[in-house]
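What follows is a short report on a single structure.
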Amino acid sequence: MDAYAGGYKSHLCPKIPPSPALTPDTQGRFNWRTVKSHHPIEQYSQLPSGKPSPRPSVQYNFKSVPKESNERIDSRRDAVREVFKRCWNNYRERAWTKDELGPISGGAKDTFGSWGATLVDSLDTLWIMDLKQEFAEAIDAATKIDFGPKIDGEINVFETIIRYLGGFLGAYDVSGCHDARLLNKAIEVADLAYAAFDTPNRMPVSRWNPKKAVFGEEQLPAESMLIAEAASASVEFTRLSQLTGDMRYFDAISRVTNVLDEQQASTKLPGMWPISVNMRKPDLTFDGFFGLGAMADSAYEYLPKMYQLLNGLGPATQYQKMYEYAMSTAITHTMFRPMTHDKADILIASGNVNGERESKGQHLVCFAGGMFALGGRLFENTTHINVGRKLSNGCAWTYKNAPNGIMPEVFSMTACSTLSVCEYTAPAGSSPFSEVGDGRYVLRPEAIESMLYMYRITGESKYQDIAWGMFEAVSNLTRTEFGNAAISNVMKTPVETYDSMESFWLAETLKYFYLIFSDPSEISLDEFVLNTEAHPFRIPHR
Ligand code: DMJ
């Protein structure tokens with residue numbers, strides 16, 4: 001328990017991948033490496049080596065501003081920590097090792113593989129919030145999870161990778177790579193997920209049955225799969241190859257990246273990949289639905305993050321090229337400037353259906369502001385930083401102007417004819433939304449995520465103030481007896497909640513809120529890449 005009491009002064013994370021590769025200690029549990037491969041690989045793609053060239057820093061130079069104690073900001077950070085602690089204590093008492101706590105019923109639910117999603121997803125937040133005893137206790141429990149083939153039925157490989165593998169890797173990295181149990185656990189989950197890539201063309205099966213795999217039954221990639229599920233293991237698998245020296249993981253995702261690269265110019269909206277793709281052929285060109293939001297999001301988000309994690313070396317330039325092409329299409333064909341009563345100069349990222357840009361917004365797509373700002377910094381593109389700013393401001397505007405201060409899950413707005421100029425016809429006092437397709441707020445993180453990136457990248461403290469407004473609205477309106485609960489319709493007053501608190505509330509939403517009120521050196525964006533579930537992975541060579 002005391003092992004983590006004061007944290008560690010320096011980290012032991014490897015600067016270069018270990019050689020020979022580490023082999024896991026499964027401690028008598030099921031070893032996924034013993035499952036016979038139907039489609040073995042002869043030669044694995046290798047991580048690039050060499051010394052990275054100096055890059056511009058991602059974060060604003062906060063050192064240029066004299067550091068003064070800021071009680072107001074500190075008290076905001078403490079308020080976030082209190083909300084986290086309350087949820088965590090109730091999870092610990094009432095739903096320990098289950099996937100989720102029911103925040104209204106106080107019961108427990110299994111929703112993501114029954115392995116304890118909230119437990120694993122929260123590990124690095126516990127460390128970051130300096131809850132070291134709770135961290136030690138949670139690790140003791142999490143390292144006992146059995147990821148063997150006990151589950152009968154399909155698992156979602158994408159969710160398993162971003163929450164569980166991401167959770168163990170993030171905890172290992174933030175705590176300085178001192179606890180080998182965490183790395184062993186990451187390998188155990190990754191070996192399970194890696195088995196889902198054992199297909200004739202080595203594309204992954206996204207809804208995959210672990211038992212069938214163990215019984216030797218062949219499973220094929222779906223003919224209609226979500227692009228986010230097909231293409232979002234890159235950051236996790238790459239970090240694991242960096243930490244273990246085992247190139248199988250990096251090889252697996254490189255093959256998926258190459259397919260995306262080869263077909264990027266042949267889709268119905270060249271530059272972007274549609275939401276539905278056939279990974280069995282593979283054919284990424286048949287569908288006409290495009291967007292940066294739901295079901296596609298992390299496929300795009302991971303492109304600049306891969307560049308950063310690879311330190312700009314080797315295939316990093318492939319990720320840069322794919323990202324720049326995709327974003328140029330996304331700006332031209334998926335974004336709109338909404339007509340607002342106050343003539344706000346903001347952007348909303350929308351979709352494109354069969355060549356027509358939609359005028360819809362989603363909470364899920366609010367991550368894009370942060371992604372554009374990050375990509376703009378990495379690739380020295382000020383236009384992209386400005387797009388990131390306008391998209392982030394669009395999400396902030398939508399929160400502020402929604403009746404209860406929280407953006408709905410899906411909505412429509414009246415679009416201006418271009419991104420830059422607008423012939424305003426919206427009367428003052430009219431509703432911000434022309435339609436609300438889905439009024440829920442399910443404790444999602446994406447809006448606060450973009451506020452954090454904007455603050456860390458521009459240094460503008462206004463993003464901390466916007467974040468505080470969001471936190472006040474969200475924490476007050478979702479608070480329940482045992483935690484915080486999803487809202488069924490944010491357009492209705494008073495709002496009604498229902499019995500759901502997904503693991504990303506503790507893994508992502510509260511972590512981003514906490515970090516925006518912390519010293520910017522805490523999980524610096526120059527030292528860590530955050531996966532799509534906000535798990536920080538250390539960038540080597542730093
Ligand atoms: C999270 O699980 C991840 O951020 C994912 O990429 C998208 N959706 C949720 C949070 O909204």
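Rule-based calculations on the coordinates, nothing more; no lab input. As the structure is a computational prediction, the values presented were derived from the model and not from experiment. Virtual Cβ from ideal backbone geometry, glycine too; neighbours counted across all protein chains shown.
Roughly how many Å is it from the Cα centre of segment 169-204 to that of segment 343-364, as a whole number?
Taking the Cα centre of segment 343-364 as reference, the centre of segment 169-204 is 36 Å away.
Quick one: if you stick a label point 7 Å off each Cα along the C-beta vector at residue 15 and residue 420, how many nm between them?
Label at residue 15, label at residue 420, 4.7 nm between them.
What is the magnitude of the charge dipole of segment 32-538 about its Cα centre, with +1 placed on the Cβ of each Lys and Arg, -1 on the Cβ of each Asp and Glu, and no other charges, expressed in debye to the nearest 20? Write down the numbers at each step before the final one.
Numbers: 50 positive and 63 negative charges, 105 e Å.
The dipole of segment 32-538 has a size of about 500 debye.
Check cross-link reach from residue 492 to the lysines: straight Cα distance under 18 Å, and skip same-chain residues fewer than eight apart.
Result set, ordered by chain and number: 400.
Which one of 529, 34, 216 has its Cα pushed farthest toward the positive end of the charge dipole of segment 32-538, where Lys and Arg give +1 and Asp and Glu give -1 at the Cβ?
Farthest towards the positive pole: 529.
I want to check the label-to-label distance for residue 383 and residue 460. Put each point 7 Å from Cα in the C-beta direction and report it in nm to one decimal.
Between residue 383 and residue 460, the simple spin-label model gives 2.0 nm.
Cross-link partners among aspartates and glutamates for residue 212, C-alpha distance below 14 Å, same-chain residues fewer than 8 apart left out?
Reachable aspartates and glutamates: 152, 154, 198.
Need one number: nm distance between label points at residue 476 and residue 211, each 7 Å from Cα along Cα→Cβ, rounded to one decimal.
With each label point 7 Å from Cα toward Cβ, the separation is 5.0 nm.
Could you tell me, in Å, what Rg and Dmax come out for the Cα atoms of the chain?
22.2, 68
Relative contact order for the chain: what is it in percent, counting Cα pairs under 8 Å that are at least 6 residues apart?
Details: 1105 pairs, mean separation 100.0, N = 542.
Contact order relative to length: 18 percent.
Check residue 501: other-chain or 5+ apart residues with amide H under 5 Å from its amide H, H built from backbone geometry?
none
Got a sec to turn the phi values of segment 325-333 into Karplus ³J(HN,Hα) couplings, 6.51 cos²θ - 1.76 cosθ + 1.60 with θ = phi - 60°, whole Hz, x for Gly and Pro?
Per-residue couplings from phi come out as 5, 4, 6, 5, 5, 4, 5, 6, 10 Hz.
Provide the per-residue ³J(HN,Hα) series for segment 272-285, in order, calculated from phi with Karplus coefficients 6.51, -1.76, 1.60 and θ = phi - 60°, each as a whole number of Hz, with x at glycine and proline positions.
10, 9, x, 5, 10, 9, 9, 8, 6, 6, x, 9, 9, 10
Grab the DSSP H runs of the chain that are 4 residues or longer, score each as -39,500 (n - 2.57), total them, divide by all residues and round the 222 nm result to the nearest 500 deg cm²/dmol. Don't skip to the end; give the middle numbers.
On the way: 17 runs with 208 residues, N = 542.
Rounded to the nearest 500, the figure is -12000 deg cm²/dmol.
Which entries of 36/211; 321/360; 150/211; 185/211; 9/144; 85/132 show an alpha-carbon separation above 18 angstrom in the structure shown?
Numbers: 36/211 13 Å; 321/360 28 Å; 150/211 7 Å; 185/211 20 Å; 9/144 27 Å; 85/132 12 Å.
Distance filter (> 18 Å) returns 321/360; 185/211; 9/144.
Per 10 Å bin, what percent of the C-alpha pairs of segment 130-259 does each bin hold, from zero upward?
Histogramming segment 130-259 at 10 Å steps yields 12, 43, 32, 11, 1 percent.
Could you name the lysines whose alpha carbon sits less than 19 Å from that of residue 281, not counting residues in the same chain fewer than 8 places away?
Within the straight-line cut-off, residue 281 pairs with 268.
Counting only residues 5 or more places away or on other chains, whose amide H sits under 5 Å from the amide H of residue 335 once H atoms are built in the peptide plane?
Residues meeting the criterion, in which the H sits 1.01 Å from N, are 350.
Output wanted: per-residue J couplings in Hz (rounded whole) for segment 240-252, from phi through Karplus 6.51 cos²θ - 1.76 cosθ + 1.60, θ = phi - 60°, x for Gly and Pro.
Coupling constants for segment 240-252: 5, 5, 5, 7, 10, x, 8, 7, 4, 5, 5, 4, 4 Hz.
Cysteines without a disulfide-compatible partner in the chain, using Cβ under 4.7 Å as the rule?
Taking the Cβ cut-off of 4.7 Å, the unpaired cysteines of the chain are 87.
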